[in-house]
Every structure is written in C-alpha cells, then in structure tokens.
Amino acid sequence: MEWETVIGLEIHAQLATKSKIFSAASTAYGAMPNTQACAVDLGFPGVLPVLNSEAVTMATKFGLAIGAEVSKRSVFARKNYFYPDLPKGYQISQFELPIVGIGELEIELENGETKTIGITRAHLEEDAGKSMHEGLGNESGIDLNRAGTPLLEIVSEPDMRSAKEAVAYMKKIHSLVRYLEICDGNMQEGSFRCDANVSVRPKGQKEYGTRAELKNINSFRFVERAINLEVERQIELIEDGGHVAQETRLYDADKNETRSMRSKEEANDYRYFPDPDLLPVELDQAFFDSVKATLPELPDVKKHRFMKSFKLSAYDASVLTSSRELAEYFEAVLVAADNEAKLACNWVNGELAAMLNKENKDISESPVKPEMLGKMIVRIKDGTISGKGAKDCFEGMWLGEGDADEVIKKRDLKQVQDSAAIEKFVDDVIAANPKQVEQFKAGQDKLLGFFVGQVMKESKGKANPAQVNQLVKDKLK
C-alpha cells in the first residue's frame, strides 16, 4: 500500500522582550537557576499579572507580515494542567480568541517549485519552567527562570507532506521572526522550537489518520529525523495490524528514536476559561498602522528585488536573503564593490560562507567586514589581483593582516600586467617545450591550457591570465 504523510507544526518563538509577558522579571538567558522568577511568575496569592505591551506589538508584527487576520479583540485564558515545572497549576494562553488568525506562508521546495502552507493561528502565551535531570544523580530539579517568558505559538494547517517540507516551512518562519526582530531564533537556547503533529493515511484517502505529537524539537536536522522516524513507526505499526495511539512522544537525538511520553490531551481536558485577572486586549486601526510602519523589507520581497535589481538567480537570492544580517552584509559589500553584484554574490555565498561554516561563526562575527570584501572585489575587477591572488588576499584579511590593499602589498599579490614581462614568460615556456608546440600545431588544441598553466607557474601566479591566454595563442599560431 502507498502511504501519504500529513504534518502540521506548532512553532514556539520566544519573543525578544527584556521582561516577561506578565511581570517585570528579566528574560535574559543563562542566569543561575531560579534567580529570575518573581512572585507573579510563581503564582503567589494576591499577585496580579500585567500584560507586556511589547509582546502584543511583536505578535501584531508577525500577523501583518504573513497577511493574516490580526484580531482587534483577543482574550487570555487559563489552560489548566499539573506539571512540576508549572508552578501556578495553569498556563496563561489564548484559546478561542487569539491575537493572530488565519494567514499563509509560501515555501520553496527542493525542485524549485513553491507551495503555500496555511497558518491557522498564532497566539500569545507564557512559557513554563524547565525540569532538569542531568548531573543530579537520582534526583530531578526545577528551574523556573523560564516561567512567564513570552511565547508566540504559530500553528500551521496540516499542509505538509514530507519532513523536508516541514523543515522548509520551519526555516521560513525562523527567517521571518528574525527579520522582524521579534525572536533571536537561538535554537540551542530553546528560544525557537516546535512540536510536530504527524500522521499517515493511505494515498488518496481524504480522512486524516490518528496523529502523534513530537514534542519540543529545537533543531532543523532533528525535526527531519524525528518526523521520518515517526512516519516509519506508524506505517509499520498499521501494516502489522496495530493502530496509532493519539499521544505525545519525545524524540531522543542520542538514540535516534521517538518514545511515548503521555496520552495526548484534548482541548476540553485543559478546562480553558477566560483569565479573570486579565482584561481582553483591544486594538484599533491606529495601532495597526503604527506597527505596519515599522515592518522591514520582508524576505520574499527582498529576494525578488535582488533577482530583479542585481540579476541574481533565484537560488543565489534565496541564500542571500535567508537572514536579515546576511542580506545587509551583501548590500554593504555591493556599495564598496561599485555594484559588482555577481562577483559580490559569488564571494559572499562561496569563500565567505565556507569560512564561516568551517569556524562555526555567524555573519556578524566575520573578521572580514563588508567594506573589506568590497574593496578586494574592486581589485579583482581592475586587474590588480588574479582569482588565485584574491583567495590569498581573502585568507590574509580573514587572519587579520589588514584590508585588501595591505594584504596585497604584504603578500606581494599584485598581478604582472606589463606586456613585455609576460611575453618573456611565454617565450621561455614555448622554448622549453618544443614537443608540445609541435603537438599543438598538429591540432591538439587542448594543450593551450598546458602552456597557460606553465606560464602562470613561471610567473608564480602573478601574470594576468587574460593576457597570458592571448599571448600564448598569438605565439603558437
């Protein structure tokens, strides 16, 4: 039987506010356990939550960016459940009236085609604390620093049909929230993570199969692995005569397996009701207009501008606009490189990206500043350095030897462009290889590359390749 996978994602983006969603406690990462949880976060008797207006603004930004229905009236509710890291015994979230309603997002597939993924809703809620088990022997600990941290939960429609589509969608959301500067997207710190709802059904069947939820995955690679494992598990289970239980499962990256955590709750199990301590959030058109005015140029718009203005391929433009910081770096290179777009693109997506990846650095940590790279590109264009020389120059800049001109001087990378000097190199190579000269004249045109290579070797890579190529042709013919 042929099976079809059905996937929906619930992405949790930690909002980049300095304080928590209902208290003044700090959201800074890395503090000692239980030092950033105040009486409001812990739900002490007599305390009252106060809504952080910046969280509302950030959620509105997201809704406007995806063309969603942003609600003029939304309501906070209490979601009741009991868990060690939930000190109040309930989580403040949104249920029936979320701040962001129906929207959509377009993703690009590996074959170059696009697909639209529906977004059901995006709602504000507070995060829970964190249960800690490692390094505590047979004991467990609770760190409540994260309790009350503002989250935007982004719920998709079950529109994805493969793990790769799910990863493409997750990456698109990740890029968007970073462009909007509403989430730092740091997956290692847990500020961007997702739950994946996965089910399978016979190909052609309209009804959905029973889904399992894979909880709290904080890596694109792990999302893909976990979904593929779960799909295999469900298909094998059904084909062996069993049935899929609706449950929450955990993905264990070390063992590369999913395992059952608890039976999946339904909405009525949580006994949602409007939080009596919080008024409904009322927003007007003036507020929407003010937020809209702060939106940056969004990734899709920027990508199409790069393609149109700089004549870049869809792939190159996608890579360059994958993050706001990378796009800004590229445009700064362009300014310094006299708008040599293709060369700038090749260097940013090529040598620079390779070095960043090799040393596990972010673009903001690059020792080669955009102005430095742009200046080096100018030196390539005006013939001061060759392609090989440019690689040596880039290496020098990366190692902190100075800007392009300083490295060119220190490493003696300047191309020889003097026709007489290059002609002597060519004459010496031709004289030293009479056999190859005869073979070339007999029709073995491929030997042209041999002669050019030998001349470049003689000149220690400094001769202008275009001049060498032309002179070798003229001399041999």
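Here F95 fulfils each of the conditions (1) in contact with a strand residue (DSSP E or B) (Cβ under 6 Å, 6 or more places away or on another chain); (2) in contact (Cβ under 8 Å) with a residue 40 or more places away in the chain; (3) under 17 Å from K171 (Cβ atoms) apart from (3).
Taking the conditions (1) among the hydroxyl-bearing types (S, T, Y); (2) at pLDDT 95 or above; (3) within 19 Å of Q188 (Cα to Cα) in turn, S19 satisfies each one other than (3).
Of everything listed in (1) farther than 30 Å from V348 by Cβ; (2) assigned to a helix (DSSP H, G or I), the single unmet condition for D445 is (2).
The residue list D412, D362 contains one member that is exposed (fewer than 14 other Cβ atoms within 10 Å of the Cβ), modelled with pLDDT under 95 and over 23 Å from the mean Cα position of the chain (by Cα), which is D412.
Could you tell me whether any residue of region 330-343 is within 16 Å of the chain's Cα centre (by Cα) and either crowded, with 18+ Cβ neighbours inside 10 Å or of a type in the set (K, R) (or both)? Give the steps one after another, and end with the answer.
First pass over region 330-343, keeping only residues within 16 Å of the chain's Cα centre (by Cα): none.
No, the conditions are met nowhere in region 330-343.
Does region 234-260 hold any residues that are surrounded by fewer than 18 Cβ atoms within 10 Å (Cβ to Cβ), in a helix (DSSP H, G or I) and not aliphatic (A, V, I, L, M), and which are they? Passing the criteria: E236, E239.
All of (1) over 25 Å from the mean Cα position of the chain (by Cα); (2) modelled with pLDDT of 95 or more hold for N228 with one exception: (1).
Would a scan of region 193-206 turn up a residue that is in a helix (DSSP H, G or I) and in the same structural domain as I21 (by TED's automatic domain parsing)? Looking for residues that are in a helix (DSSP H, G or I) and in the same structural domain as I21 (by TED's automatic domain parsing), one finds none in region 193-206, hence no.
K424 passes every criterion in (1) in the same structural domain as N349 (by TED's automatic domain parsing); (2) more than 19 Å from V348 (Cβ to Cβ); (3) not aliphatic (A, V, I, L, M) apart from (1).
Out of curiosity, is L152 under 30 Å from M32 (Cα atoms), among the aliphatic types (A, V, I, L, M), out of contact with any Asp or Glu (no Cβ under 6 Å at 6 or more places or on another chain) and not in a helix (DSSP H, G or I)? It would help to see each step written out before you state the result.
Numbers: under 30 Å from M32 (Cα atoms): yes; among the aliphatic types (A, V, I, L, M): yes; out of contact with any Asp or Glu (no Cβ under 6 Å at 6 or more places or on another chain): yes; not in a helix (DSSP H, G or I): yes.
Spelling it out, L152 is indeed under 30 Å from M32 (Cα atoms), among the aliphatic types (A, V, I, L, M), out of contact with any Asp or Glu (no Cβ under 6 Å at 6 or more places or on another chain) and not in a helix (DSSP H, G or I).
Mind checking whether some residue in region 140-159 is of a type outside the set (G, A, S) and surrounded by fewer than 14 Cβ atoms within 10 Å (Cβ to Cβ)? I'd like the intermediate steps shown before the answer.
Our first condition is that a residue be of a type outside the set (G, A, S); within region 140-159, this holds for 142-146, 149-155, 157-159.
Within this subset, residues satisfying the condition of being surrounded by fewer than 14 Cβ atoms within 10 Å (Cβ to Cβ) are none.
So far as region 140-159 goes, no, none of its residues is of a type outside the set (G, A, S) and surrounded by fewer than 14 Cβ atoms within 10 Å (Cβ to Cβ).
Among the residues of region 390-408, is any more than 29 Å from L352 (Cα to Cα) and of a type outside the set (D, E, K, R)? Within region 390-408, none of the residues are more than 29 Å from L352 (Cα to Cα) and of a type outside the set (D, E, K, R).
Pairing residues of region 279-302 that are in contact (Cβ under 8 Å) with a residue 12 or more places away in the chain and on the phi > 0 side of the Ramachandran plot with residues that are outside any helix (DSSP H, G or I) and of a type in the set (V, I, T), at Cβ distances under 9 Å and at least 6 apart in sequence or on separate chains, gives no pairs at all. Filtering region 395-403 for residues that are buried (at least 19 other Cβ atoms within 10 Å of the Cβ) and either closer than 30 Å to K475 by Cβ or in the same structural domain as V452 (by TED's automatic domain parsing) (or both) leaves an empty set.
The number of residues in region 415-454 being touching a residue at least 24 places away in the same chain (Cβ under 8 Å), within 45 Å of the chain's Cα centre (by Cα) and under 19 Å from G383 (Cβ atoms) comes to 3.
Can you give me the ranges of the strands (runs of 3 or more DSSP E) entirely in region 36-109 with at least 1 residues that are surrounded by fewer than 18 Cβ atoms within 10 Å (Cβ to Cβ), of a type outside the set (G, A, S) and in the same structural domain as E153 (by TED's automatic domain parsing)? Break it down stepwise before answering.
Numbers: elements: 76-80, 90-94, 103-108.
Result: 76-80, 103-108.
Within region 63-98, the set of residues being closer than 19 Å to L9 by Cβ and in contact with a helix residue (DSSP H, G or I) (Cβ under 7 Å, 6 or more places away or on another chain) comprises A65 only. Residues that are touching a residue at least 60 places away in the same chain (Cβ under 8 Å) and over 20 Å from R249 (Cα atoms) within region 187-203 comprise E189, S191, P202, K203, listed in sequence order. Filtered by the rule that a residue be hydrophobic (A, V, I, L, M, F, W, C), surrounded by fewer than 21 Cβ atoms within 10 Å (Cβ to Cβ) and closer than 22 Å to A166 by Cα, region 1-35 gives W3, V6.
The values are calculated or read from the model by the stated rules, or taken from the named source; none is laboratory data. This structure is a prediction, so every number in the text was calculated from the model and none was measured. Reconstructed Cβ throughout: ideal geometry from the backbone, glycine too, with neighbour counts over all protein chains shown.
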